[in-house]
Amino acid sequence: MGSKPVENLIEEASDGVHFSGLHLNGVAEKSSRENKKTVSAKLELPRQPFVIGVAGGTASGKTTVCDMIIEQLHDQRVVLVNQDSFYNNLTEEELLRVHEYNFDHPDAFDTEKLLNCMENLMRGQAVDVPNYDFKNHKSVFPARKVNPSDVVIMEGILVFHDPRVRNLMNMKIFVDTDADVRLARRIGRDTVDRGRDIKGVLDQYAKFVKPAFENFILPTKKYADIIMPRGGDNHVAIDLIVQHIHTKLGQHDLCKIYSNLYTIYSTFQIRGMHTLIRDAKTTKHDFIFYADRLIRLVVEHGLGHLPFKEKQNGDHMTTNSNLLMQFFYFMHLCLWNPGRATKIKHMESYHYRSVYTGVEFCRRLCGVSVIRSGESMENALRACCKGIKIGKILIHREGDNGQQLIYHNLPKNISDRHVLLLDPILGTGNSAVQAISLLLEKGVQEANIIFLNLISAPQGIHAVCKRFPRIKIVTSEIESGLNEDFRVIPGMGEFGDRYFGTL
């Protein structure tokens, strides 16, 4: 009897019981554990914003770029923090000699206050950003209240200078504008908006602005992920940045933190299959069927992260479409040049060059499954990679919290291979860390390991990504967290027992 369609099973499961990563030993056990305290990822780590730093020389167009990005996003979840708001208040003595004060030096900014504001925003707390008066050179009330948001854009000439501030950023953009253009803009801005005379602006530029740019600002260009020429006039760059931010807004928070964490694109079909395999009433047959479908998607997504090289196929190949072209060419000769047509004895000797430029994946590949749940993923891997070698790792998961290695049998020359590590559940991350450590001991390069699983708990992601920042994790969903028994919530029960029928 075949498996029922997803739509039908979803309807049947609408009033079903969803287990939270616990043993499926009856409703009584589930009910008794529902009241246990949840180790929620949200309690451990607040919602993390995606922080974009925008740096560049004075009047390079940084604020214009930021305003255009925010305008195109049409999303209230984006806020702008200007480094200019954090200038130090000048003393009376400094005010008397303001023409000798270097506003482009790192010491001109209250970096500690900027850092404190950014850290509070990343903790999910609202902050008061100073309102700096550029005519009187001091902060005035009221301050600007900034609420925590999904995207925080921080702009300023020296936002890349302090490594503590720089390390908060997920994306760094350097606006690279011609020096003459920047000078012209600065003259207009300082004379009109800040009430300064042209001579004072030029003197300040020659004495402080230009040397500070060369000594402090330009050297930070090397930290940029994107170098953006022409500022706000570069609409192509702005469009690409906006598309990237849209992608980040749709990602899980942890994907914004760890660039080596990937989740497959969620659709209603995928969510429907997750609904089914998480339901305790789903039959073993249907659990296996839909788990296999999800595993296949994860495996294929993981294979997409393997290195490849360009390859051309089909040199001088004759296809059906080519034969049709030859036929029309022959008819053309018959109509317009009968003499030449009669000389063609073998039409098939005329071939149209047809070359396909594609890619070829690396052939040095193997799988390693963490016994026993990981073995459920082997069939999908073999279906995608014919004849692939698969090794085994057995780790003791109880008593010492998954730290004891019991058994391993790995393919020969594994150190020369890319390894797909298979385990459907990433919980605390202890077993994964043990398995990855073994692979590294055997000579496998960290960057050559791709860890494939169906569901991941935030705690496990932190444990693996912090210790092994160069491996890749591919999963289909990221869970809420772990309960006090260190089981994934909401989870799908004991995966190995449900898949292999050993409840």
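The values are calculated or read from the model by the stated rules, or taken from the named source; none is laboratory data. Source: prediction; values computed, not measured. Note: ideal-geometry Cβ built from the backbone for every residue, glycine included; neighbour counts use all protein chains shown.
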Inset, instruction - Can you tell me which residue within the range 115-131, out of those that are buried (at least 18 other Cβ atoms within 10 Å of the Cβ) and under 23 Å from the mean Cα position of the chain (by Cα), is farthest from T220 (Cα to Cα)? - result: L121
Inset, instruction - At least 2 residues that are touching a Lys or Arg at 6+ places or on another chain (Cβ under 9 Å) in each: list the helices (runs of 4 or more DSSP H) lying fully within the range 162-219 that qualify. - result: 179-192, 198-204
Inset, instruction - Pick out the one residue from K472, K442 that is among the basic types (K, R), touching a residue at least 24 places away in the same chain (Cβ under 8 Å) and in contact with a His (Cβ under 6 Å, 6 or more places away or on another chain). - result: K472
Legend entry - Enumeration of residues in the range 207-228 that are farther than 20 Å from V152 by Cβ and surrounded by 13 or more Cβ atoms within 10 Å (Cβ to Cβ): K207, F208, V209, K210, P211, A212, F213, F216, I217, L218, K221, I227
Inset, instruction - Would you point out the residue of the range 132-143, among those that are surrounded by 13 or more Cβ atoms within 10 Å (Cβ to Cβ) and not hydrophobic (A, V, I, L, M, F, W, C), that is nearest to the chain's Cα centre (by Cα)? - result: Y132
Legend entry - Residues of the range 213-232 satisfying the condition of being modelled with pLDDT of 85 or more and in contact with a helix residue (DSSP H, G or I) (Cβ under 9 Å, 6 or more places away or on another chain): F213, F216, T220, Y223, I226, I227, M228, P229
Inset, instruction - Could you list, in sequence order, all residues of the range 469-483 that are touching a Phe, Trp or Tyr at 6+ places or on another chain (Cβ under 9 Å) and either modelled with pLDDT under 90 or assigned to a loop (DSSP other than H, G, I, E, B) (or both)? - result: P469, I471
Inset, instruction - Please go through the range 374-411 and pick out each residue that is surrounded by 16 or more Cβ atoms within 10 Å (Cβ to Cβ), at pLDDT 90 or above and among the basic types (K, R). - result: K392
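Take residues that are at pLDDT 90 or above, in contact with a helix residue (DSSP H, G or I) (Cβ under 9 Å, 6 or more places away or on another chain) and among the β-branched types (V, I, T) and tell me which of the strands (runs of 3 or more DSSP E) falling wholly in the range 23-84 contain 3 or more.
Correct list: 50-56.
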Inset, instruction - Just need a number here: residues in the range 137-155 that are in contact (Cβ under 8 Å) with a residue 12 or more places away in the chain and either over 25 Å from Y258 (Cα atoms) or among the aromatic types (F, W, Y) (or both). - result: 7
